[in-house]
Structure formats: C-alpha cells, structure tokens
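To keep things clear, I will list the structure first and then write my remarks on it.
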Amino acid sequence: MIILDTSAVLALARGHRKLERVADNAAASPFRHLLVPALCLMQAEIDDAGSGMNVLALPGVDIDPLDTVGSVAVAAMVRDGLGGPDVCHALYVSLPSPQRPQTGLVLTGREDDYPPGTVTVSIDDERLDD
C-alpha cells in the first residue's frame with residue numbers, strides 16, 4: 001500500500017512529475033491505488049486551496065477516512081508527540097491492521113517528520129523514475 005502524506009498531496013496537485021507517473025500507474029492497475037489519509041487531504045487543502053480537489057479528481061487515488069477508533073489512535077499519537085494530526089493519520093494508516101495486514105509505505109517530501117521505523121520514501125527518490 002502506498003500512502004501519500006500532505007507534502008505528497010501538495011506536490012501531486014502542483015504537477016510533480018514523479019508523483020504524476022506513480023498516480024498514472026496506480027490508476028492503470030486494478031489492484032493498487034494510492035491512499036490519502038483524510039487529514040492529509042484536509043491539511044493540503046488548507047495549505048493550498050484547490051489542491052484537495054485536484055487530487056480527488058485522479059482515478060487512482062482513494063481516501064482513508066478517519067473512523068472513531070482511528071480518531072482516538074491518531075489523537076494519542078499527536079498527544080505523544082509523534083507529529084501533527086496529518087502526520088499521525090498517515091502514520092496510523094501505514095500500520096498493519098486486520099483490513100491491511102502489511103505495513104504501508106509513506107511517500108513524503110518530509111521524511112524527517114516520521115519516527116524511526118516508519119517506512120518512508122522521498123517524493124524525489126530516483127527509484128520513482130522507473
């Protein structure tokens with residue numbers, strides 16, 4: 001599972017070449033879509049009006065809603081100092097769960113925002129050129 005955090009959503013909405021290629025590949029695949037945590041989408045829209053709608057219009061992007069259990073878990077992460085609400089929602093979505101048993105990969109422009117052990121890949125990573 002590939003998760004786009006706020007920085008990746010903003011970059012994609014602004015025409016980031018590598019992320020556009022990743023989104024095109026996700027849209028062409030019947031199985032893999034990009035997952036955007038709802039709080040990352042919200043923060044991107046706060047930071048840059050229209051960016052949320054631009055990303056919502058892409059066929060290979062799915063939004064992970066923040067349900068009641070997730071709300072409590074994300075709040076605990078924020079309280080524990082793991083980051084802001086958007087970063088903690090991305091972190092929460094990346095963790096294995098009964099619905100998604102594998103750890104997710106977070107595409108980000110801010111790798112330093114995540115605690116050690118989080119699987120992150122820079123949006124500018126050369127491996128995204130393949």
The chain, accessible area per residue, ligands and nucleic acids excluded (1.4 Å, Å²) | 54
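With all protein chains present and a 1.4 Å probe, how do D5, D62 order by accessible area, largest first?
Ranked list, largest accessible area first: D62, D5.
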Count charges around A13 for me, please; just the other residues with Cβ under 11 Å from its Cβ, Lys/Arg as +1, Asp/Glu as -1.
-> -3
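Using Cα pairs under 8 angstrom and six or more residues apart, how large is the relative contact order of the chain, in percent?
Working: 215 pairs, mean separation 39.4, N = 130.
Here the relative contact order equals 30 percent.
What FRET efficiency do you get for L95 and E126 if R0 is 25 Å and r is their Cβ-Cβ distance, rounded to the nearest 0.05? Working shown, then result.
On the way: r = 27 Å, r/R0 = 1.08.
With a Förster radius of 25 Å, E is 0.40.
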Around V106, which amide H atoms from residues at least 5 apart in sequence, or from another chain, sit under 5 Å from its own amide H, with H modelled in the peptide plane?
-> I3, V119, T120, V121
Given backbone amide H placed at 1.01 Å from N, residues whose amide H is under 5 Å from that of I63, ignoring those fewer than 5 places away on the same chain, are V36
In what sequence, largest accessible area first, do T108, T120, T68, T103 appear using a 1.4 Å probe?
-> T68, T103, T120, T108
Out of V72, V93, V22, a Gaussian network model of the chain with alpha-carbon springs under 10 Å gives the largest mean-square fluctuation to V72
Which angle between 0 and 90 degrees, to the nearest 10, do you get for helix 68-79 versus the longest principal axis of the chain when only C-alpha atoms count?
-> 80
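What number in nm² do you get for the chain if you take the convex hull of its Cα atoms and divide its surface by four?
Numbers: hull surface 30.5 nm².
Projected area, direction-averaged: 7.6 nm².
The values are calculated or read from the model by the stated rules, or taken from the named source; none is laboratory data. Since the model is a prediction, treat every value here as computed from it, not as a measurement. A quick note on method: Cβ atoms are made from the backbone with ideal geometry, for glycine too, and the neighbour counts reach across all protein chains shown. For accessibility, only protein heavy atoms count, side chains too; no ligands or nucleic acids. Shrake-Rupley method; radii C 1.70, N 1.55, O 1.52, S 1.80 Å.
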